[in-house]
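Written below as structure tokens is the structure these notes are about.
The values are calculated or read from the model by the stated rules, or taken from the named source; none is laboratory data. Just so we're clear, the structure is a prediction, and the values are computed from it rather than from any experiment. Counting neighbours? That spans all protein chains shown, and the Cβs are built from the backbone with ideal geometry, glycine included.
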């Protein structure tokens, strides 16, 4: 197992180097043999193995490759207006400042007159400051096995600069508080063919789907579990995915239609979830199964 | 359907007035408006899925704790929707039932709408002892038949519960598999057999 992991890591490092030399090339799918689905009877052992693996990986996390790319893209002059995000984008801590910004979002941004999570805010900057078209970004906003969008790298870069900081969503701002309360209602909203809401799975302590533990998002201890590790490098498929993506995947499993990218609905839900985790320590971009 | 919706609306109106938390109502109204605005259809998951039916509306507005008189009236209404096989036989093939219980497929925007839908049973319940990967949102169903007896009454209960879980507990977390069109009569019978057939591993 360990050798496989090291093999996968080396493959990753090589690919990271290759993509750094040719930045247009999408991040390729690394070998995921190490994450091959375990047999049913081995699942407990596999879970333990994964926890051990995650601990070992903390110092050399695959997310770093995306962070490095994100850092280049944050600083580079890009888009039709040929400006960098570093010289134009305010994440709430001043123009260009990324330190601690991720754990203090979602927050209200007067220039956009909207409550925005980190990903939504960066997209806003790309559109308003750099001149990219929203529809182009929203066309394929999340990574797949052959493609990682710039926004994913940028979110990972920004999130890295909140590593080991306490979550501090400004809930004393009435607009953020309002978004939190609306998000809480979205989480409770049952609909669709199976009558599911977010809370069906994530509203009480100590529940599981199959062997998967379900965090209770209504408590700080549970909510941080839903925040931790995002954006995350997902072993299944070998892709880097964001918190926005995760919200969409929950709605998919809820049998709902798809939430629009960088919308109020997702921002409010994230305000509820991350706001509930206020005071808990965010460990930075992580690894997911 | 129409009758149920009229009932829901008629009951929801006085209920909302009676509820004290007006602020919650505002946030809920905003949440519904945001949901209507911010979702897009994908695959088989159309926007029609965002609309609440009568049961969902009542459960959403009462925090899943409707007053007794609504619970009674509406569970009876839900029970009336259950379709039983014409020949009255409710016990199918437990081996087929096990396959249905294992599958969690169906109804998501990535599922092929032409393929059969799974029962999702192990996602939430312990059932046959051989399957150790089971969820805990619902109660354990292990030894369901052994504890309750494979009687006509128990068969009818199990069939009805799977067809429409809201016939017994209005705001149950469990989907209404028959009512939703996920499982057909034969599939529900096979699941009844998984739970009640003395030969099923559930009752060994």
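Identify, from the list B:139, B:175, B:198, the residue that is crowded, with 21+ Cβ neighbours inside 10 Å and either outside the structural domain of residue B:72 (by TED's automatic domain parsing) or in contact (Cβ under 8 Å) with a residue 24 or more places away in the chain (or both). Every option except B:175 fails the conditions.
Residues in the range A:165-179 that are touching a strand residue (DSSP E or B) at 6+ places or on another chain (Cβ under 9 Å) and within 11 Å of another protein chain (Cβ to nearest Cβ): A:178, A:179.
The set of residues in the range A:263-289 that are at the interface with chain B (Cβ under 10 Å from one of its Cβ atoms), closer than 30 Å to residue A:65 by Cβ and surrounded by 24 or more Cβ atoms within 10 Å (Cβ to Cβ) comprises A:266, A:267, A:269. Taking the condition surrounded by 14 or more Cβ atoms within 10 Å (Cβ to Cβ), within 9 Å of chain A (Cβ to nearest Cβ), in contact (Cβ under 8 Å) with a residue 60 or more places away in the chain and farther than 30 Å from residue B:194 by Cα, does residue B:49 pass? For residue B:49, the condition - surrounded by 14 or more Cβ atoms within 10 Å (Cβ to Cβ), within 9 Å of chain A (Cβ to nearest Cβ), in contact (Cβ under 8 Å) with a residue 60 or more places away in the chain and farther than 30 Å from residue B:194 by Cα - is not met. Does the range B:66-89 include one or more residues that are facing chain A (nearest Cβ under 9 Å) and part of a loop (DSSP other than H, G, I, E, B)? Taking every residue of the range B:66-89 in turn, none turns out to be facing chain A (nearest Cβ under 9 Å) and part of a loop (DSSP other than H, G, I, E, B). Yes or no: residue B:153 without any contact (Cβ under 8 Å) to a residue 12 or more places away in the chain and either more than 9 Å from chain A (Cβ to nearest Cβ) or surrounded by 15 or more Cβ atoms within 10 Å (Cβ to Cβ) (or both)? Judged against the criteria, residue B:153 is a match.
When the range B:166-181 is filtered for residues that are part of a loop (DSSP other than H, G, I, E, B) and either modelled with pLDDT under 95 or touching a helix residue (DSSP H, G or I) at 6+ places or on another chain (Cβ under 9 Å) (or both), the ones remaining, listed by number, are B:168, B:169, B:170, B:171, B:172, B:173, B:174, B:175, B:176, B:177, B:178, B:179.
One residue is enough: does the range A:143-158 have a residue meeting the conditions within 30 Å of residue A:68 (Cβ to Cβ), part of a strand (DSSP E or B) and within 14 Å of chain B (Cβ to nearest Cβ)? Even if it seems obvious, please write down each step before you answer.
Step one: filter the range A:143-158 for residues within 30 Å of residue A:68 (Cβ to Cβ), giving A:143-158.
Applying the additional criterion that residues be part of a strand (DSSP E or B) yields A:144, A:147.
Filter once more, keeping what is within 14 Å of chain B (Cβ to nearest Cβ): A:144.
Taking every residue of the range A:143-158 in turn, at least one turns out to be within 30 Å of residue A:68 (Cβ to Cβ), part of a strand (DSSP E or B) and within 14 Å of chain B (Cβ to nearest Cβ).
Pairs are defined by a Cβ separation below 8 Å, a sequence spacing of at least 6 or placement on different chains, a first member in the range A:65-84 that is more than 15 Å from residue A:285 (Cβ to Cβ), and a second member that is part of a helix (DSSP H, G or I); the pairs so defined are A:73/A:150; A:73/A:153; A:73/A:154; A:73/A:157; A:79/A:126; A:84/A:74; A:84/A:75. Within the range A:115-129, count every residue that is over 10 Å from residue A:262 (Cβ atoms) and either part of a strand (DSSP E or B) or at pLDDT below 95 (or both). So the count comes out to 1.
Close contacts from the range A:203-217, counting a first residue that is more than 20 Å from residue B:63 (Cβ to Cβ) and within 11 Å of another protein chain (Cβ to nearest Cβ) and a second that is in a loop (DSSP other than H, G, I, E, B) and modelled with pLDDT of 95 or more, with Cβ to Cβ under 6 Å and a gap of 6+ residues or different chains, come to A:208/B:135; A:208/B:136; A:209/B:135; A:210/B:133; A:210/B:135; A:211/B:133. For the range B:106-143, a residue qualifies if it is modelled with pLDDT under 95 and within 12 Å of another protein chain (Cβ to nearest Cβ), and exactly one does: B:113. Of the residues making up the range A:208-228, those that are over 28 Å from residue A:119 (Cβ atoms) and touching a helix residue (DSSP H, G or I) at 6+ places or on another chain (Cβ under 8 Å) are A:210, A:211.
Might you let me know whether the range A:207-230 holds any residue that is touching a strand residue (DSSP E or B) at 6+ places or on another chain (Cβ under 9 Å), buried (at least 19 other Cβ atoms within 10 Å of the Cβ) and at pLDDT below 95? Yes; the residues of the range A:207-230 include at least one that is touching a strand residue (DSSP E or B) at 6+ places or on another chain (Cβ under 9 Å), buried (at least 19 other Cβ atoms within 10 Å of the Cβ) and at pLDDT below 95.
Only one entry in A:254, A:258 is surrounded by fewer than 21 Cβ atoms within 10 Å (Cβ to Cβ), under 22 Å from residue B:50 (Cα atoms), modelled with pLDDT of 95 or more and touching a strand residue (DSSP E or B) at 6+ places or on another chain (Cβ under 8 Å), namely A:258.
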